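Below you'll find the structure, written out as structure tokens, and then a few comments.
The values are calculated or read from the model by the stated rules, or taken from the named source; none is laboratory data. Note that the coordinates shown come from a computational prediction; the quantities given were computed from them, not determined experimentally. Here Cβ is always computed from backbone atoms with ideal geometry, including for glycine, and neighbour counts include all displayed protein chains.
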Amino acid sequence: MYPFAFTSVFLALTLGLAPHPALPADIISRQVMMQQLYESVLEQTPTAVSAVTGTYDEATLTAIDNTSRGWGQGTNFDEKNRPRGAVNAQQTYSILDAMYIAEDSPMIYLTIDEGYENGYTAKILDVLKEKKCPAVFFVTMDYVKQNPDLVRRMIDEGHVVGNHSMTHPAAGLPSQSIDVQAEELMTLHRYVKENFDYDMYLFRYPAGIHSDQSLALVQQLGYRSVFWSFAYRDWVTDDQPDPAASLQKVTERLHPGAIYLLHAVSSTNTEIMGDFIDQARAQGYIFGKMT
């Protein structure tokens, strides 16, 4: 399902990389070599046809529990620094193509939510381009319509653009009918396809609110639901966390298969992005592209 990521994991394991607080010079050298190989993989063009069908079986879905629940990775961690909540959820809901944490490997993923533009996305893209680091940008319809140049840049620079719903309903997708939920995804999907010739295939629930029924719907539509195994309070624009403390927080929570959720409206995230990427790589982690 993730050919680029699989190749990179294989390279990482072959080169003997593992998270470590202080790597010797020879390991760092091998890390640089591996990253260069990964960059060449990123330049490849995927050949797989989009699996998004836009079809669903309402009768089947109606019989599935629609109880809403939020998502947070929790504060209980295993011996590999992985949130146990994410590990358990992955084991339970992978059958519905939901992704809470990735495989137990040096591969980690950077995902960035874009509900609205706050003047920082171009700077974030600059850093990602400089560091040759892929990311997933989850966008809403308003964001796409108001910021077409940024969306085009995300696509052209090799990032993944993900579906964050058409209207970002405050009460969550499960508060809507099955038909309306489907339109939340597919209206945006069609718009991006028509205007950018780009097929989205990853979905992030607004506020992380979901249900078994909504997970099954998203799967039937042909999307994969992407949650996260790290997030922090970075979205309040007039109460931004201290950059130094935030950099420490995001690096001390590094773990195999991590899926990071960051918000692009954050001045703090923009400031620490480059240092975070550098420190994660120095510990042996590789930023993968969800393909």
TODO: Would you be able to tell me the number of residues in the range 128-161 that are surrounded by fewer than 18 Cβ atoms within 10 Å (Cβ to Cβ) and closer than 20 Å to W235 by Cβ?
DONE: 2
- [ ] Please list, ordered by first then second residue, the pairs with beta carbon atoms under 6 Å, 6 or more apart or interchain, first in the range 243-272 and under 18 Å from G288 (Cβ atoms), second in a strand (DSSP E or B) and not hydrophobic (A, V, I, L, M, F, W, C).
- [x] I259/Y109; L261/T111
Task: Conditions (1) buried (at least 19 other Cβ atoms within 10 Å of the Cβ); (2) more than 20 Å from A102 (Cβ to Cβ): number failed by F227 - done: (2)
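Confirm whether A86 is out of contact with any helix residue (DSSP H, G or I) (no Cβ under 7 Å at 6 or more places or on another chain), at pLDDT 95 or above, surrounded by 20 or more Cβ atoms within 10 Å (Cβ to Cβ) and within 20 Å of G288 (Cα to Cα).
yes
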TODO: Please work out if T45 is in contact with a strand residue (DSSP E or B) (Cβ under 9 Å, 6 or more places away or on another chain), assigned to a loop (DSSP other than H, G, I, E, B), among the hydroxyl-bearing types (S, T, Y) and modelled with pLDDT under 95.
DONE: no
Task: Extreme residue, farthest from the chain's Cα centre (by Cα), among residues of the range 261-275 that are under 24 Å from S105 (Cβ atoms) and surrounded by 22 or more Cβ atoms within 10 Å (Cβ to Cβ) - done: M273
Open item on the list: Given (1) more than 15 Å from the chain's Cα centre (by Cα); (2) over 19 Å from G222 (Cα atoms); (3) of a type in the set (S, T, N, Q), identify the lone condition not met by S94.
Closed with: (2)
TODO: Tell me, please, whether a residue that is part of a helix (DSSP H, G or I) and surrounded by fewer than 20 Cβ atoms within 10 Å (Cβ to Cβ) can be found in the range 231-239.
DONE: no
TODO: Taking R253 as the residue in question, decide whether it is farther than 30 Å from G54 by Cα, charged (D, E, K, R) and touching a strand residue (DSSP E or B) at 6+ places or on another chain (Cβ under 6 Å).
DONE: yes
